[in-house]
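Input: a single structure, listed below in structure tokens.
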Amino acid sequence: MRRNLTVGALCLAAGFSLSCTEEEPRNSLIFASSADATTLDPHNTTDSQSDQVIWMLFNALIRYDENMQFVPDLAESWSSADDNVTWTFHLRSGVKFQDGTPFDAQAVKANFDRVLDPDQGHNRRSLFLPIESVDVVDEHTVNIVTEYPFGAFEPMMAHVSAVIVSPAAAEKFGKDFGYSADTTVGTGPYKVVSWRKDLELILERNDDYWGEKGKLETVIYRPIPEAASRIIALESGDVDVITHVPPADLPRLEEDPNITMTKTLSIGAQQFRFHCKRKPYDDPRIRQAIAYAIDRRVILENLMPGMVEPSTGPLTPRIRGRADLGEFPYDPDKARALLAEAGYPDGFETTISTTSRYNMGVELAQAVAAQLAEVGIDAKIDVLEWGSLRQYWGGLLPEDCPLEIFIMGAGASSADADWGLRPIFTTQERNENNYGYYSNAEFDDLILKAMREVDTEKRNALYHRAQEIVYFEDPGAIWMYDNYHVVGARATVHDLTTSPLGLVTFERAFIDRR
Amino acid sequence: MFLALLGTSLLVFLMIHMIPGDPALLLAGLEAGPEVVEQMRRDLGLDRPLYEQYWNFLSGALRGDFGTSIRMRIPVLEEIMARVPYTLTIALGGTILATIFGVVTGVIAAMYHNRFWDGVMMVMALLAASTPSYWLGLMLMLVFSLSLGWLPSIGIRTPVHYVLPIITLAGQSAGIISRMTRSAMLDVLGQDYVRAARARGMKERVVIVRHALQNALIPVISIVGLRFGNLLAGTVLVESVFAIPGVGRLLVDAVLWRDYPMIQGTMLFVASVFVVVNTATDLLYGVVDPRIRVSRS
Amino acid sequence: MKKTSEGLLRFRRNKVAVASAFVILGFIIMATLAPVIAPYGPLEQDLVNNYLGPSLDHLLGTDELGRDIASRLCYGARISLGIAFSSVLVGVMIGAVLGLVAAYKRGIVDSVIMRFMDVLLALPGILLGITIVVVLGNGVVNTVIAVAIFSVPTFARLVRGSALQVLELDYIVASRAVGASASRIIFGHVVPNALTPLVVQSTLQLGVAILIASGLSFLGLGVQPPNPEWGAMLSKGRELVRSTPVAAFAPGMAITLVVLSFSLLGDGLRDALDPTMKRR
């Protein structure tokens, strides 16, 4: 406000010269997130800071719209053959990458070959393993063949890692692709012009964009790690949009007329997992007892009001194939009974490992511990810095993993039940992705069947049963809440795109600085 | 000096490899397969024996090659150099401001030794140094950016953006410099030649500035030099609060991401600056006070 | 004896230092009597009544889990002061031993010890703390270790310096030559000489220890919750600074007040005990 006054005063001083109206400084927007993007190589990205920039720079063949329906992007149309393994994509013609390379069937093939090449070791390789081959039919037609009828094929193709990078640039820069401004080349509405790590990542409108062009000339991503600084920067107008709003600030910001808050129910859910190979958690009754002992409502409504919804199943409502199983009932008497039945009438001692990397992760653990104390379970809190927690997730044998109960955020990044359940709950000898060694034969069987089922109804029925098992019968986790993705913006900012995947993009956004 | 750096590099290297956690796991994200993680470990050379890794680091460092950041995939030295200007700006600015403020308060405190203004000056000078810097920075931001709207909150776009970080950082050292100035001044003011000057009827202001201060500055210089290293370390917290992409933040992030080459590079950089500044201070000390040149070696 | 009573007299005339001493005493009493003073338990959650502002029920309001901030502050004094005192104690002991050995043995031992101290000094406090805590893990004991290691070189240098002064005195050199035992020389002459600067430096270091601990908490590397250590309270509270400011201001002011008092007290002690001492 104050600054606008100053500008106004300067304009008066300048004698109403024209330059002042055009002084309307820059048609640009500053977006502050909690961290910088790690990489703009879609085949390597694993965090939402990177994902949301990638969506500004690249296009996929198909993508999700706001209602989680598939819509054409670089493919004009697509269909699957009767064998359910061959998918044909008819590609948009006349599209060029930002380096001038034409977009064609060959580019699509080159992309999937790149991410699937085991020697290159891209982080997202496992996501695309169902793909057997990519065949160029003609310049603008491509067939993608899966190894088996794959029920989650379209979600896989709408994943951020399925966006198409310039094959010429990928060839030229190899593993360095996407790690600096010069090495990032896509087809999207914006392009990177500069990237100073931890300072700013500047995108400029791609004026040759094949689709509807962006309204903003520049979008600046400026990481502000401190939550309090981020809020102050938004309130004082130094930045236009922020994410990762602390729950305590939400009510105040919602009342602020200068600020618009947007909440989108995301695909992310917060859970506490068990080390299912460790006593006493090898007994499903113990896990059930703990699930019954927690009053999610009282925790969530007070700790993070308006930020989350209590979980109603292992997957959030935005995920294809999810089953609505209702909130897990709070029943401390039943919890005590189950504990007694399992041979622990007086409870036991345990440790809850958590990390502040997750929003309110430490406070959640403390609140849960206080409620477990009510049924006789004495839970100690162990706050681990992210890297120290992460070392226990991945490739360890059960005896090498010291965790007991531990926090975990899960979001099926393809918004589909397959990716939301299969990697993290099907049996693994080492905890490569199933960090809690959950193992249930019937569940495994259902998941593998569902993966090869293309009929939506049959598929959903299989997933429904699988979710009942992992939620109630043989709990694989304590599901706490489904996350809202909360974005705070100056009231001058319009038409942000917030996706349930927890991403904010600006391809249609504009600023009205009146 | 070289030995100290060599020792530092070895200590840092050993500490780094005692840190639990694995950069490959951190970078692979939660959804990657095990073969990806394995591959990454091999690419990073993390499967080699420790002495070999240290030797590779050391021989590279001697040639001026500090390796490539695991997380950012850019040369470590390049990234450090790109960030040095921001960190040095606030560290130097902080040092200068702290020195001015510290010397002024220290002189005043000494002049009013054990009287009201002595206490006021010392409390004032020590107040900021007694407040955790991230908290001080946040309070300054609340007052000057949000309430008054005088200064921008975060970032480094214009010189004005540096004002709050510099004040925050200066606060950490001002107290110690002030304390040093005060006691050095008291020392000097008790000396015969100062008393003599006063007895000759020189104006108090002249006595203070011409005789006392000039001599009292010698120990102050050394403390300023010593504090510079701490100030540099203090940037770690200040840079986080004000979202300044400096070396301090780079280091913390490197530790949290287990970015081994980056930790080594930044730690060694900070240590080098520290050593260089200390050596420079020693030399300067010798210039200002010739007696020291002989006895100090 | 006479010297000490003179010092006491001088100290009493220094109003700022006396006031600081009382503030610290106040906090120590608060820490000791926490169970009596504090109206609530430090870990007592009351989720329904969280984020409250100050009121008669909760003098300083409640935090995100509905815990009484005033009570946490009282109990937190135990942890924060405990960390400060124990880390300085550990630092003094290790530093003193190293400094004494270096000064007594001279030669190669001296060089090795002091070069190692240089290395530690070259890695400024908070950086060393970060690495140590990441290596050892979060927790009260590990915070103490991190802060202690940080203060070792300061004390080692201090003790070595004042020990050298004594050891070079003619009559000590003579008594060493005629075979006086090391322990007699050390405890009879060296230690008493080093005591005053050690006390002064320790007092100053107490404040620094609290600051470093709170810096570690800020980076998420401090003590484990639900421990109400002040730095941990402040670093959580800072996120609430716009919504429940008291959650940040209460521990923030407590830290500032105590650290300031330690500094002023240390200065006062130095002025009083050794007015001619070469001040460092």
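The values are calculated or read from the model by the stated rules, or taken from the named source; none is laboratory data. Because the structure is predicted, anything quoted here is derived from the model rather than measured. Reconstructed Cβ throughout: ideal geometry from the backbone, glycine too, with neighbour counts over all protein chains shown.
Close Cβ contacts (under 7 Å, 6 or more residues apart or on different chains) running from residues in segment B:10-31 that are over 20 Å from residue A:413 (Cβ atoms) and facing chain A (nearest Cβ under 7 Å) to residues that are among the basic types (Lys, Arg) and not in a helix (DSSP H, G or I) comprise B:21/B:258; B:22/B:258.
Each row is one residue, and each column tells you yes or no for (1) surrounded by fewer than 20 Cβ atoms within 10 Å (Cβ to Cβ); (2) at pLDDT below 95; (3) assigned by TED's automatic domain parsing to the domain that holds residue A:47; (4) closer than 30 Å to residue A:32 by Cα.
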| residue | (1), (2), (3), (4) |
| --- | --- |
| A:111 | no, no, no, no |
| A:120 | yes, yes, no, no |
| A:142 | no, no, no, no |
| A:159 | no, yes, no, yes |
| A:182 | yes, yes, yes, yes |
| A:192 | no, no, yes, yes |
| A:199 | no, yes, yes, yes |
| A:207 | yes, yes, yes, yes |
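A single entry from C:221, C:260 fulfils the requirement of being over 22 Å from residue C:139 (Cα atoms) and either surrounded by 24 or more Cβ atoms within 10 Å (Cβ to Cβ) or in contact with a helix residue (DSSP H, G or I) (Cβ under 9 Å, 6 or more places away or on another chain) (or both): C:260. Residues that are at positive phi and not aliphatic (A, V, I, L, M) do not occur anywhere in segment C:223-239. Which ones in segment C:126-148 are away from chain B (no Cβ under 11 Å), assigned to a helix (DSSP H, G or I) and either under 18 Å from residue C:218 (Cα atoms) or at pLDDT below 90 (or both)? Correct list: C:140, C:141, C:142, C:143, C:144, C:145, C:146, C:147. The one condition from (1) within 14 Å of chain C (Cβ to nearest Cβ); (2) under 30 Å from residue B:17 (Cα atoms); (3) without any contact (Cβ under 8 Å) to a residue 40 or more places away in the chain; (4) not aliphatic (A, V, I, L, M) that residue B:64 does not meet is (1). For the residues B:256, B:268, the requirement of being surrounded by 20 or more Cβ atoms within 10 Å (Cβ to Cβ), more than 16 Å from residue B:162 (Cα to Cα), out of contact with any strand residue (DSSP E or B) (no Cβ under 6 Å at 6 or more places or on another chain) and within 12 Å of chain A (Cβ to nearest Cβ) singles out B:256. Restricting B:159, B:132, B:152 to those that are of a type outside the set (A, V, I, L, M) and under 23 Å from residue C:219 (Cβ atoms) reduces the list to B:132.
Checking each residue in segment B:70-80 for being within 11 Å of chain A (Cβ to nearest Cβ) and modelled with pLDDT of 90 or more picks out B:78, B:79. Would you check if residue A:123 is part of a loop (DSSP other than H, G, I, E, B), out of contact with any His (no Cβ under 6 Å at 6 or more places or on another chain) and at positive phi? It is false that residue A:123 is part of a loop (DSSP other than H, G, I, E, B), out of contact with any His (no Cβ under 6 Å at 6 or more places or on another chain) and at positive phi. With respect to the stated conditions, residue C:237 is buried (at least 24 other Cβ atoms within 10 Å of the Cβ), more than 20 Å from residue B:234 (Cβ to Cβ), within 10 Å of chain B (Cβ to nearest Cβ) and not hydrophobic (A, V, I, L, M, F, W, C). I want to confirm something. Restricting to segment A:418-452 and keeping residues that are away from chain B (no Cβ under 14 Å) and either within 21 Å of residue A:279 (Cα to Cα) or free of Cβ contacts under 8 Å to residues at least 12 places away in the same chain (or both), which single residue is surrounded by the most Cβ atoms within 10 Å (Cβ to Cβ)? The extreme case among them is A:438. Scan segment A:263-318 for residues that are polar (S, T, N, Q) and over 23 Å from the mean Cα position of the chain (by Cα) and the total you get is 2. When A:474, A:455 are screened for being under 19 Å from residue A:312 (Cβ atoms) and either surrounded by fewer than 23 Cβ atoms within 10 Å (Cβ to Cβ) or without any contact (Cβ under 8 Å) to a residue 12 or more places away in the chain (or both), only A:474 passes.
Scoring residue C:228 on the criteria (1) away from chain B (no Cβ under 14 Å); (2) closer than 30 Å to residue C:74 by Cα; (3) at pLDDT below 85 leaves a single failure, condition (3). For segment C:169-191, the criterion of being within 13 Å of another protein chain (Cβ to nearest Cβ) and charged (D, E, K, R) is met by none of the residues.
Look at residue B:213 and say whether it is among the aliphatic types (A, V, I, L, M), away from every other protein chain (no Cβ under 13 Å), in contact (Cβ under 8 Å) with a residue 24 or more places away in the chain and in a helix (DSSP H, G or I). Criteria met by residue B:213. Restricting segment A:410-430 to residues that are part of a loop (DSSP other than H, G, I, E, B) and touching a Gly at 6+ places or on another chain (Cβ under 7 Å) leaves a set whose member that is modelled with the highest pLDDT is A:430.
Taking segment C:171-183 as the range and being closer than 21 Å to residue C:110 by Cβ and free of Cβ contacts under 8 Å to residues at least 40 places away in the same chain as the test, the residues that pass are C:172, C:173, C:175, C:176, C:177, C:180, C:181, C:183. List every residue pair whose Cβ atoms sit under 7 Å apart, with the two residues 6 or more apart in sequence or on different chains, where the first one lies in segment C:247-267 and is more than 8 Å from chain B (Cβ to nearest Cβ) and in contact (Cβ under 8 Å) with a residue 12 or more places away in the chain and the second, anywhere, is of a type outside the set (A, V, I, L, M) and not in a helix (DSSP H, G or I). Sorted first by the residue in segment C:247-267, then by its partner, the pairs are C:247/C:61; C:247/C:63. Annotation: residue A:193 fulfils all but one of (1) away from every other protein chain (no Cβ under 14 Å); (2) without any contact (Cβ under 8 Å) to a residue 12 or more places away in the chain; the unmet one is (2).
To keep it simple, each residue is scored yes or no on (1) at pLDDT below 80; (2) of a type in the set (Lys, Arg).
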| site | (1), (2) |
| --- | --- |
| B:198 | yes, yes |
| B:212 | yes, no |
| B:239 | no, no |
| B:256 | no, no |
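The numbered conditions (1) modelled with pLDDT under 85; (2) away from chain A (no Cβ under 11 Å); (3) surrounded by 15 or more Cβ atoms within 10 Å (Cβ to Cβ); (4) under 28 Å from residue A:35 (Cα atoms) are all true for residue B:40 except (2).
Count of segment A:229-253 residues, restricted to those that are touching a residue at least 24 places away in the same chain (Cβ under 8 Å), within 12 Å of chain C (Cβ to nearest Cβ) and more than 18 Å from residue A:34 (Cβ to Cβ), is 1.
A single entry from C:146, C:102 fulfils the requirement of being surrounded by 22 or more Cβ atoms within 10 Å (Cβ to Cβ) and more than 21 Å from the chain's Cα centre (by Cα): C:102.
Looking for something within 14 Å of another protein chain (Cβ to nearest Cβ), among the aromatic types (Phe, Trp, Tyr) and within 18 Å of the chain's Cα centre (by Cα) - is there at least one such residue anywhere in segment C:3-15? Checked segment C:3-15: no residue is within 14 Å of another protein chain (Cβ to nearest Cβ), among the aromatic types (Phe, Trp, Tyr) and within 18 Å of the chain's Cα centre (by Cα).
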